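Working notes, beginning with the structure itself.
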There are 2 protein chains.
Amino acid sequence: MKIDRDAPIGVFDSGVGGLTVAREIMRNLPSEKIVYFGDTARVPYGSKSRETIIRYSRQIIRFLQEQQVKAIVIACNTASAFALDAVRDELEIPVLGVIEPGALVAARETRNKRVGVIGTIGTVGSGIHEDFLRKLDPEITVFGKACPLFVPLVEEGWLHDPITFEVARRYLRELQEREIDTLILGCTHYPLIRSTIREVMGEGVRLVNPAYESALELKRLLTEEDLLSTGKEQEEFPYRFYVSDLADKFKSFANSILPYDVEMTQKIDIENY
Amino acid sequence: MKIDRDAPIGVFDSGVGGLTVAREIMRNLPSEKIVYFGDTARVPYGSKSRETIIRYSRQIIRFLQEQQVKAIVIACNTASAFALDAVRDELEIPVLGVIEPGALVAARETRNKRVGVIGTIGTVGSGIHEDFLRKLDPEITVFGKACPLFVPLVEEGWLHDPITFEVARRYLRELQEREIDTLILGCTHYPLIRSTIREVMGEGVRLVNPAYESALELKRLLTEEDLLSTGKEQEEFPYRFYVSDLADKFKSFANSILPYDVEMTQKIDIENY
């Protein structure tokens with residue numbers, strides 16, 4: 001199969017969180033077109049089972065393939081944890097998740113071999129970061145902590161807020177006691193409260209942002225496969241956004257975190273894919 | 001159609017919250033059998049559109065009818081707001097939601113005709129409580145406030161907690177400034193943080209718990225239709241629980257709020273209904 005290098009990159013998430021990944025791709029690969037799908041009808045994925053997440057991911061990938069994407073980024077930690085291996089073998093185009101790029105950087109950066117991972121109940125419970133990190137370096141000890149209140153706090157817009165600070169202090173206390181020196185922000189919403197997490201953890205702990213690391217990994221992969229956009233097919237608005245429900249709410253969140261206005265958001269009946 | 005008075009009552013919710021309604025039915029109608037369905041695969045409903053909620057509700061009702069229920073309680077505010085009218089006409093058995101019973105009591109109890117409603121974004125945004133209350137008494141002014149952090153706080157188990165108190169203070173401040181004298185707990189999770197809400201609002205504000213009021217309304221309705229259980233068909237365990245995903249997590253939450261252990265929770269593929 002010949003892949004069109006000027007085709008868009010498909011990015012999907014359970015909802016709005018993956019926009020932090022799309023944002024990093026826009027920043028680091030400014031010539032690329034993006035088709036974003038947010039599964040807002042079935043959010044959150046964090047509390048759902050592996051088989052459900054795989055089924056959802058397959059439906060979304062069928063939709064993205066219909067959009068002729070040249071690569072797919074699973075911009076959702078839960079879907080990366082549960083579905084990446086299953087769908088990778090089914091696809092002829094490159095597909096990457098957000099777990100591996102973050103884990104690689106954490107393994108490289110840690111000095112004391114004590115790495116923390118924060119995320120949803122599903123991601124942390126899956127132990128997927130631990131699996132990756134231990135494969136990269138068996139001497140690393142991983143400490144996971146689910147932080148289920150962080151997503152609703154971010155979606156409430158309480159990003160720099162005493163309540164968010166108190167919640168973070170409580171969640172992160174046990175990771176501080178474990179004396180980790182590196183912390184993976186294992187949920188796509190978390191980069192938006194990075195400064196609060198930084199304040200709680202202190203300057204001594206390296207924060208790994210998988211959204212940023214995944215954008216760099218995508219760039220490396222597209223370069224290697226000779227799939228970087230030629231930049232010749234310029235479009236006035238190279239980013240398209242699709243959701244499975246409530247497009248208006250998505251738009252207002254997207255506009256609050258992306259550096260420009262999201263004009264067109266289209267609703268898709270994802271159950272039909 | 002002849003309805004079997006010893007058949008179970010069907011109760012459904014988007015997840016675990018409706019268990020507070022089931023609990024009130026168990027307390028107030030101890031001879032009744034219950035079939036509970038929690039749509040844990042598609043929770044939360046609060047952020048989804050009307051048409052999606054109606055579709056989900058129809059699927060669940062088909063499942064409950066397969067279980068031969070004699071009446072249905074929509075123990076979810078969002079589904080009551082969006083789907084009750086649509087499904088009521090399609091059914092031959094009694095069906096009730098949790099909005100109307102709470103609104104009736106609020107309209108009766110308020111002295112200064114200023115009533116507050118707290119709930120999810122979907123419920124508060126639907127304006128359904130306001131519609132009911134204004135129909136009951138056009139002089140009533142309704143003040144709605146969405147409190148999206150309350151559900152995750154309850155599910156985190158932080159029921160009597162300084163963080164929950166701070167969040168409640170922030171959410172409820174504007175209702176206090178409006179000088180309401182009656183407050184409807186318009187989300188099934190909220191009775192579990194009733195004492196925190198009471199502490200913030202003070203003794204002068206009457207808190208209306210629709211879970212309790214709905215159980216009383218159900219009792220009235222079953223009495224009127226001559227459908228109260230004869231109590232002759234005693235079963236060792238008269239309550240059955242079904243979910244659409246992750247039965248174990250449901251079980252542990254159920255066990256924390258119900259006065260006995262939920263032994264059997266069965267997972268159903270609700271998309272097939």
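The values are calculated or read from the model by the stated rules, or taken from the named source; none is laboratory data. Worth saying up front: this structure is predicted, and the values here are computed from it rather than measured. Virtual Cβ from ideal backbone geometry, glycine too; neighbours counted across all protein chains shown. For the accessible areas, the whole protein counts, side chains as well, though only heavy atoms, and no ligand, DNA or RNA atoms are used. Shrake-Rupley method; radii C 1.70, N 1.55, O 1.52, S 1.80 Å.
Can you report the number of residues in segment A:210-232 which are at negative phi and either basic (Lys, Arg) or open to solvent by 20 Å² or more (accessible area, probe 1.4 Å) (or both)?
Initially, segment A:210-232 is screened for residues at negative phi, giving A:210-225, A:227-230, A:232.
Still in the running and either basic (Lys, Arg) or open to solvent by 20 Å² or more (accessible area, probe 1.4 Å) (or both): A:212-213, A:216-217, A:219-221, A:223-225, A:228-230, A:232.
Count: 14.
Quick test of your reading of the structure: B:Lys113 fulfils all but one of (1) open to solvent by 30 Å² or more (accessible area, probe 1.4 Å); (2) within 14 Å of another protein chain (Cβ to nearest Cβ). Name the failing condition by number. With respect to (1) open to solvent by 30 Å² or more (accessible area, probe 1.4 Å); (2) within 14 Å of another protein chain (Cβ to nearest Cβ), B:Lys113 is out only on (2).
Would you check which residues across segment B:133-142 are outside any loop (DSSP other than H, G, I, E, B) and surrounded by fewer than 20 Cβ atoms within 10 Å (Cβ to Cβ) and list them? Answer for segment B:133-142, where residues must be outside any loop (DSSP other than H, G, I, E, B) and surrounded by fewer than 20 Cβ atoms within 10 Å (Cβ to Cβ): B:Arg134, B:Lys135, B:Leu136, B:Thr141.
Among the criteria (1) open to solvent by less than 40 Å² (accessible area, probe 1.4 Å); (2) away from chain B (no Cβ under 14 Å), the one A:Val154 does not fulfil is (2). Looking only at segment B:67-94, residues that are surrounded by 20 or more Cβ atoms within 10 Å (Cβ to Cβ) and more than 13 Å from the chain's Cα centre (by Cα) come to 5 in all. Does B:Ile118 fit the bill of being more than 14 Å from chain A (Cβ to nearest Cβ) and surrounded by 22 or more Cβ atoms within 10 Å (Cβ to Cβ)? It is true that B:Ile118 is more than 14 Å from chain A (Cβ to nearest Cβ) and surrounded by 22 or more Cβ atoms within 10 Å (Cβ to Cβ).
Residues in segment A:227-250 that are within 12 Å of chain B (Cβ to nearest Cβ) and either in contact (Cβ under 8 Å) with a residue 24 or more places away in the chain or not acidic (Asp, Glu) (or both): 7 in all. If the condition is being in contact with a Ser or Thr (Cβ under 9 Å, 6 or more places away or on another chain), hydrophobic (A, V, I, L, M, F, W, C) and modelled with pLDDT of 95 or more, then segment A:171-191 contributes only A:Ile180. Of the residues making up segment B:26-48, those that are surrounded by fewer than 19 Cβ atoms within 10 Å (Cβ to Cβ) and within 11 Å of chain A (Cβ to nearest Cβ) number 0.
If the condition is being touching a Gly at 6+ places or on another chain (Cβ under 9 Å) and assigned to a strand (DSSP E or B), then segment A:246-273 contributes only A:Thr265. Residue-level analysis places B:Leu104 outside the set of residues that are closer than 21 Å to B:Gly15 by Cα and surrounded by fewer than 24 Cβ atoms within 10 Å (Cβ to Cβ).
Only one of the numbered conditions (1) open to solvent by 20 Å² or more (accessible area, probe 1.4 Å); (2) more than 14 Å from chain B (Cβ to nearest Cβ) is violated by A:Glu51, and that is (2).
Does B:Glu213 fit the bill of being charged (D, E, K, R) and either away from every other protein chain (no Cβ under 14 Å) or touching a Gly at 6+ places or on another chain (Cβ under 9 Å) (or both)? Don't jump to the end; show me each part of the working.
Details: charged (D, E, K, R): yes; either away from every other protein chain (no Cβ under 14 Å) or touching a Gly at 6+ places or on another chain (Cβ under 9 Å) (or both): yes.
Criteria met by B:Glu213.
Residue check: is B:Val208 at pLDDT below 95 and under 19 Å from B:Val21 (Cβ atoms)? Talk me through it step by step, then tell me what you get.
Numbers: at pLDDT below 95: no; under 19 Å from B:Val21 (Cβ atoms): yes.
So B:Val208 does not fit the description; no.
Counting the residues of segment A:233-250 that are open to solvent by less than 30 Å² (accessible area, probe 1.4 Å) and at pLDDT below 90 gives 3.
Please tell me if B:Lys113 is more than 18 Å from B:Gly10 (Cβ to Cβ), basic (Lys, Arg) and modelled with pLDDT under 95. Spell out how you get there, then give the answer.
Working: more than 18 Å from B:Gly10 (Cβ to Cβ): yes; basic (Lys, Arg): yes; modelled with pLDDT under 95: no.
In short, no.
Give me the residue from segment A:157-168 that is at negative phi and either more than 10 Å from chain B (Cβ to nearest Cβ) or of a type in the set (S, T, N, Q) (or both) and, out of that set, most open to solvent (accessible area, probe 1.4 Å). Break it down into steps so the answer makes sense when it comes.
So in segment A:157-168, the residues at negative phi come out as A:158-168.
Now restrict to residues that are either more than 10 Å from chain B (Cβ to nearest Cβ) or of a type in the set (S, T, N, Q) (or both): A:159-160, A:164-165, A:168.
Values: A:Leu159: 48, A:His160: 144, A:Thr164: 0, A:Phe165: 57, A:Ala168: 1 Å².
Filtering segment A:157-168 for residues that are at negative phi and either more than 10 Å from chain B (Cβ to nearest Cβ) or of a type in the set (S, T, N, Q) (or both), the one most open to solvent (accessible area, probe 1.4 Å) comes out as A:His160.
Out of the residues in segment B:55-72 that are over 18 Å from B:Ala22 (Cα atoms) and touching a Phe, Trp or Tyr at 6+ places or on another chain (Cβ under 6 Å), state the one that is nearest to the other protein chains (Cβ to nearest Cβ). Filtering segment B:55-72 for residues that are over 18 Å from B:Ala22 (Cα atoms) and touching a Phe, Trp or Tyr at 6+ places or on another chain (Cβ under 6 Å), the one nearest to the other protein chains (Cβ to nearest Cβ) comes out as B:Gln59.
Taking (1) within 24 Å of B:Leu84 (Cβ to Cβ); (2) in contact with a His (Cβ under 7 Å, 6 or more places away or on another chain); (3) open to solvent by 30 Å² or more (accessible area, probe 1.4 Å) in turn, B:Ser195 satisfies each apart from (1). Listed by position, the strands (runs of 3 or more DSSP E) enclosed by segment A:143-245 that each have at least 2 residues that are of a type in the set (A, V, I, L, M) are A:182-185, A:206-208. Could you list, in sequence order, all residues of segment B:251-273 that are open to solvent by less than 20 Å² (accessible area, probe 1.4 Å) and either at pLDDT below 85 or facing chain A (nearest Cβ under 10 Å) (or both)? B:Val262 - this is the single residue of segment B:251-273 that is open to solvent by less than 20 Å² (accessible area, probe 1.4 Å) and either at pLDDT below 85 or facing chain A (nearest Cβ under 10 Å) (or both). Within segment A:175-191, identify whether any single residue is within 14 Å of another protein chain (Cβ to nearest Cβ), of a type in the set (Phe, Trp, Tyr) and either open to solvent by 40 Å² or more (accessible area, probe 1.4 Å) or within 26 Å of A:Phe250 (Cα to Cα) (or both), and answer yes or no. Taking every residue of segment A:175-191 in turn, none turns out to be within 14 Å of another protein chain (Cβ to nearest Cβ), of a type in the set (Phe, Trp, Tyr) and either open to solvent by 40 Å² or more (accessible area, probe 1.4 Å) or within 26 Å of A:Phe250 (Cα to Cα) (or both).
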